[in-house]
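Heads up: the structure comes next, in structure tokens.
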Amino acid sequence: SPAATSLLATNAAAWNYYGVALQGAGQLDEAVNAYQRALGLDRDLIETRLNLGTVFLEQNKPGDAKNEFTAYTLRRPNEPAGWLKLGSAQLRLEQTVAAERSFSAVLALKTSEAEAYNGLGLARIQRNRPAEAARFFTAAVKMKPDFAAALLNLATVYDQYLQNDKAALQCYRAYLT
């Protein structure tokens, strides 16, 4: 309708929600355009930064994602979700030390975040510290026993790095169930 079109033309929040809908429908390029339009109308609509960064991660553009998550965390330093996403982008960019800082920021805000422990484990693998990685993956599984990614990561560390076949088999079985 003409009224909806004119409202959308100048309403940053509406463009953000439109981007969320497009992202949910798998139309990632269109979602990026909607989020960028929202930011063009209101640079302070900070939730859009988190949404746009998430799409960039889905598109395997970790550098662009990192920029958006950095902008988000600067404005919302007490939000674990932003730090978690920033750490994920930094890991993909192999910025291991920065990723560890981001995941540690999550745990300082919310100590029961299994994904942050998993991220720290992945960072320790990048730094070739498998025993430390195993401790973080174990912590993630203790927080969330059905956390498939952490179970698989733990099994892989036991299998490929620590040569603990018994523990690896146990984790692989848990992962498969």
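The values are calculated or read from the model by the stated rules, or taken from the named source; none is laboratory data. Remember, it's a predicted structure, so these values are computed and weren't measured experimentally. Positions of Cβ are backbone-derived with ideal geometry, glycine not excepted, and every protein chain shown enters the neighbour counts. SASA here: full protein model, heavy atoms, side chains in, ligands and nucleic acids out. Shrake-Rupley method; radii C 1.70, N 1.55, O 1.52, S 1.80 Å.
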Residues located in the range 9-28, provided they are within 21 Å of the chain's Cα centre (by Cα) and free of Cβ contacts under 8 Å to residues at least 12 places away in the same chain: Tyr17, Ala21, Gly24, Ala25, Gly26, Gln27
For Ser112, which of the numbered conditions (1) under 30 Å from Thr156 (Cα atoms); (2) surrounded by 19 or more Cβ atoms within 10 Å (Cβ to Cβ) fails to hold? (2)
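I'd like the residue in the range 14-42 that is among the aliphatic types (A, V, I, L, M), open to solvent by 40 Å² or more (accessible area, probe 1.4 Å) and part of a helix (DSSP H, G or I) and, out of all such residues, is farthest from Leu52 (Cα to Cα).
Within the range 14-42, the subset among the aliphatic types (A, V, I, L, M) is 14, 20-22, 25, 28, 31-32, 34, 38-39, 41.
If we keep only those that are open to solvent by 40 Å² or more (accessible area, probe 1.4 Å) too, we end up with 20-21, 25, 41.
From what is left, the residues that are part of a helix (DSSP H, G or I) are 20-21, 41.
On the way: Val20: 9, Ala21: 13, Leu41: 15 Å.
Checking each candidate, the answer is Leu41.
Quick check on Leu93: is it surrounded by fewer than 20 Cβ atoms within 10 Å (Cβ to Cβ) and without any contact (Cβ under 8 Å) to a residue 60 or more places away in the chain? Before the answer, list the steps.
On the way: surrounded by fewer than 20 Cβ atoms within 10 Å (Cβ to Cβ): yes; without any contact (Cβ under 8 Å) to a residue 60 or more places away in the chain: yes.
Answer is yes for this residue.
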Of (1) open to solvent by 20 Å² or more (accessible area, probe 1.4 Å); (2) of a type in the set (D, E, K, R); (3) within 18 Å of the chain's Cα centre (by Cα), Glu100 satisfies all except one. Which? (1)
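So if I check each of Arg76, Arg49, Arg43, which one is within 21 Å of Thr111 (Cβ to Cβ) and not hydrophobic (A, V, I, L, M, F, W, C)? Break it down stepwise before answering.
Values: Arg49 fails: within 21 Å of Thr111 (Cβ to Cβ); Arg43 fails: within 21 Å of Thr111 (Cβ to Cβ).
So the residue among Arg76, Arg49, Arg43 that is within 21 Å of Thr111 (Cβ to Cβ) and not hydrophobic (A, V, I, L, M, F, W, C) is Arg76.
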Select, from Leu50, Leu45, the only residue that is open to solvent by 20 Å² or more (accessible area, probe 1.4 Å), in contact with a Lys or Arg (Cβ under 9 Å, 6 or more places away or on another chain), among the aliphatic types (A, V, I, L, M) and on the phi < 0 side of the Ramachandran plot. Leu50
In the range 84-112, which residues are closer than 22 Å to Asp146 by Cα and assigned to a loop (DSSP other than H, G, I, E, B)? Lys110, Thr111, Ser112
Subset of the range 135-158, residues surrounded by fewer than 23 Cβ atoms within 10 Å (Cβ to Cβ) and closer than 24 Å to Val97 by Cβ, comes to Arg135, Thr138, Ala139, Met143, Ala149, Thr156
